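**Q** Below you'll find the structure I mean.
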Amino acid sequence: MNREKDKLLCIFDIGNVVLSDIDMLNEISRRYQLPFGQLKEDYDHYQYPMMDGVLDVELYIQHLSFLFNTPLPSDLFEVTFSPVVVTGVAELIRALRLEGIRVVAGSNTFAPHENVIREMGVFALFDRTYLSHHMGISKPFPGFFSSIIEQEGFQPEQVVFIDDLKENIEAASASGIRGIQFHQAHHAVSDLHAQILG
């Protein structure tokens, strides 16, 4: 299936684009009195296997309990995750869809955060959601982007990708996709709208 040449597919990252306050490590460190530096170093080592869906999150939490000799709940990543919807971005997504633009989510995440985000109603903003732990691959790997555009039936030149991380934008651009790096604190949503349509 090939879309018409004048059609546009927008892929939105979720964390730090559609949602703010996504950090959970500071809350885990504070609530369970774990040293933040050591916690972050360990998490950074295992986060991509979790986001790729090859490492079970509950097994990782058991690992943390052993590492820090502290009993941690199996729903640790849910109870310490309290994101907030960025109202302007949510309104932009609705506006783009009303303009006939196909808008999907393309995000690195894992099951506990998916559960929270789903309960917030965020996935209903999109025509479809693509989540790394279901796809078996995460950004910035090229297969993440090629899988989405192939399933959507678009060509790379018809696709705009919005993300907060430079490395993900660069990876999308290397795949022939137009990337827009978005920073909630420094980037007006109206400017983002113009960049997408431009």
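**Q** Taking the stated definitions as given, is residue 192 open to solvent by less than 70 Å² (accessible area, probe 1.4 Å), among the hydrophobic types (A, V, I, L, M, F, W, C) and modelled with pLDDT of 95 or more?
**A** It is false that residue 192 is open to solvent by less than 70 Å² (accessible area, probe 1.4 Å), among the hydrophobic types (A, V, I, L, M, F, W, C) and modelled with pLDDT of 95 or more.
**Q** Cβ contacts < 7 Å: first residue in contact (Cβ under 8 Å) with a residue 24 or more places away in the chain, restricted to the range 137-157; second residue assigned to a loop (DSSP other than H, G, I, E, B) and small (Gly, Ala, Ser), any location; separation 6+ or different chain. Result?
**A** Matching pairs, first to second residue: 142/175; 144/138; 145/175; 146/175.
**Q** Same structure again: Give the residues of the range 174-194 that are closer than 15 Å to residue 159 by Cβ, in contact (Cβ under 8 Å) with a residue 24 or more places away in the chain and over 18 Å from the mean Cα position of the chain (by Cα), sorted by residue number.
**A** The answer is 174, 175.
**Q** Do we find that residue 39 is open to solvent by less than 60 Å² (accessible area, probe 1.4 Å), part of a helix (DSSP H, G or I) and at pLDDT 95 or above in this structure?
**A** yes
**Q** Which is open to solvent by less than 80 Å² (accessible area, probe 1.4 Å), aliphatic (A, V, I, L, M) and more than 15 Å from residue 68 (Cβ to Cβ), of 28, 22?
**A** One residue alone meets the criteria, 22.
**Q** While we're looking at this one, here's another question. Please specify each residue of the range 134-165 satisfying the condition of being among the polar types (S, T, N, Q), closer than 20 Å to residue 101 by Cβ and in contact with an Asp or Glu (Cβ under 9 Å, 6 or more places away or on another chain).
**A** 158 - this is the single residue of the range 134-165 that is among the polar types (S, T, N, Q), closer than 20 Å to residue 101 by Cβ and in contact with an Asp or Glu (Cβ under 9 Å, 6 or more places away or on another chain).
**Q** Looking only at the range 47-87, which residues are more than 18 Å from residue 25 (Cβ to Cβ), in contact (Cβ under 8 Å) with a residue 24 or more places away in the chain and either of a type in the set (Phe, Trp, Tyr) or open to solvent by 80 Å² or more (accessible area, probe 1.4 Å) (or both)?
**A** 54
The values are calculated or read from the model by the stated rules, or taken from the named source; none is laboratory data. Predicted model, so just to flag it, every value in this text is computed and none were measured. Because the Cβ atoms are built from the backbone with ideal geometry, glycine has one as well, and the counts that use them run over all protein chains shown. Remember, those area values only see protein heavy atoms, side chains included, never the ligands or the DNA or RNA. Shrake-Rupley method; radii C 1.70, N 1.55, O 1.52, S 1.80 Å.
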